[in-house]
Amino acid sequence: MRTNVRGIGLFLLVLLCIYAVWLNRQSKPAREQAATVSPIDEMLRVPASIARQEGTAAAILIDTSGSMRDPVPDADGQSKPKIDIARRAAGDLVRRFGEYSQTHPDRRLLVGIYEFSARDNEPACRSVIELGPPRVQEAQAALDKMFPAGATPIGDAMILAKRDLDLTGITRRHILVVTDGENNRGYSPGVVASVLATQAEEARASIYFIAFDIEAAKFNAVKESGGLVLAAANERDLNQTLDFILTGKILAEQPASPAR
């Protein structure tokens, strides 16, 4: 009789172990799914309380890391620091956004200029011209204050810009990055772009990268996540590329293909 009781107990113990293993396997996918929610997902979560409104909003991110002091040919073929060329290009963008707003008063248009570089006691990304209606008069004075110093936190800048764009509630959102170097601080732009690509369609932002005096292939991870990556070796290239993105993408009802 004792043998039978002992055998039954052993049998029940085996069944209990089998059940525990099965239960662990069933719950594992849920745990793995929860683990995939990264800090970037949380930072880029669009607030549900934001009211949506028709319009276009663009965040222009300008690299102000130390390498932007290096020279490239300007429009006249003279060597000029990349930061000087970037300042002029950003000022021209604000002017053209302003002209578009004047000729299309029925369309809501917001633009913001940001600089990004990793420096002591400063945020990785800083607003130069706050996201809002184009303010042409104050643009150049604000842009002239940008100077090159520090490392290159591209992904962190993208996160801040996307969060600011989301707070506007504007339906068509765009992030344009001008950088002359690879990311070397903070989150990778490729990882940030991949998270943005998984957002619901109404929450997404179009991403454009201009590789300024650097190989565009350095940003293939952004391209693989749906971003448009173009190269510019000098001021003439930069202006032409910005013109295509502005007129062919951001301000276009039906985006055109680049004339390359």
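We did not get these values from a lab; they are worked out from the coordinates using the rules stated. From a predicted model like this one, the values you see are computed outputs, not experimental measurements. Here Cβ is always computed from backbone atoms with ideal geometry, including for glycine, and neighbour counts include all displayed protein chains.
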Next on the checklist: Need one number: % antiparallel among DSSP beta bridges in region 54-250, to the nearest 5.
Outcome noted: 25
Checklist outcome for this item: Note, residue 221: beta-carbon cut-off 15 Å, +1 each Lys/Arg, -1 each Asp/Glu, net -1
Next on the checklist: Quick check on region 56-152: of the DSSP beta bridges with both residues there, what percent are antiparallel, nearest 5%?
Outcome noted: 55
Item to check | Built amide H within the under 5 Å cut-off of residue 118, gap 5+ | outcome: 151, 152
Next on the checklist: My understanding is that a pair violates if its Cα-Cα distance is over 25 Å; which of 162/249; 145/223; 80/249; 80/162; 145/249 do that in this structure?
Outcome noted: 145/223; 80/249; 80/162; 145/249
Checklist entry - Under a point spin-label approximation (7 Å from Cα along Cα-to-Cβ), what is the residue 163-residue 149 distance to one decimal in nm? => result 2.4
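Determine the shape class of region 54-250: with a ≥ b ≥ c the square roots of the Cα gyration tensor eigenvalues, call it rounded for a/c under 1.5, and otherwise prolate if a/b is greater than b/c, oblate otherwise. Kindly include the intermediate steps, with their values, before the conclusion.
Numbers: a/c = 1.41, a/b = 1.11, b/c = 1.27.
Rounded, since a/c falls under 1.5.
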Checklist outcome for this item: Taking a ≥ b ≥ c as the square roots of the eigenvalues of the Cα gyration tensor, with a/c under 1.5 meaning rounded and otherwise prolate when a/b exceeds b/c and oblate if not, region 65-164 is oblate
Item to check | Where labels lie 7 Å past Cα in the beta-carbon direction, separation of residue 135 and residue 122 in nm | outcome: 1.9
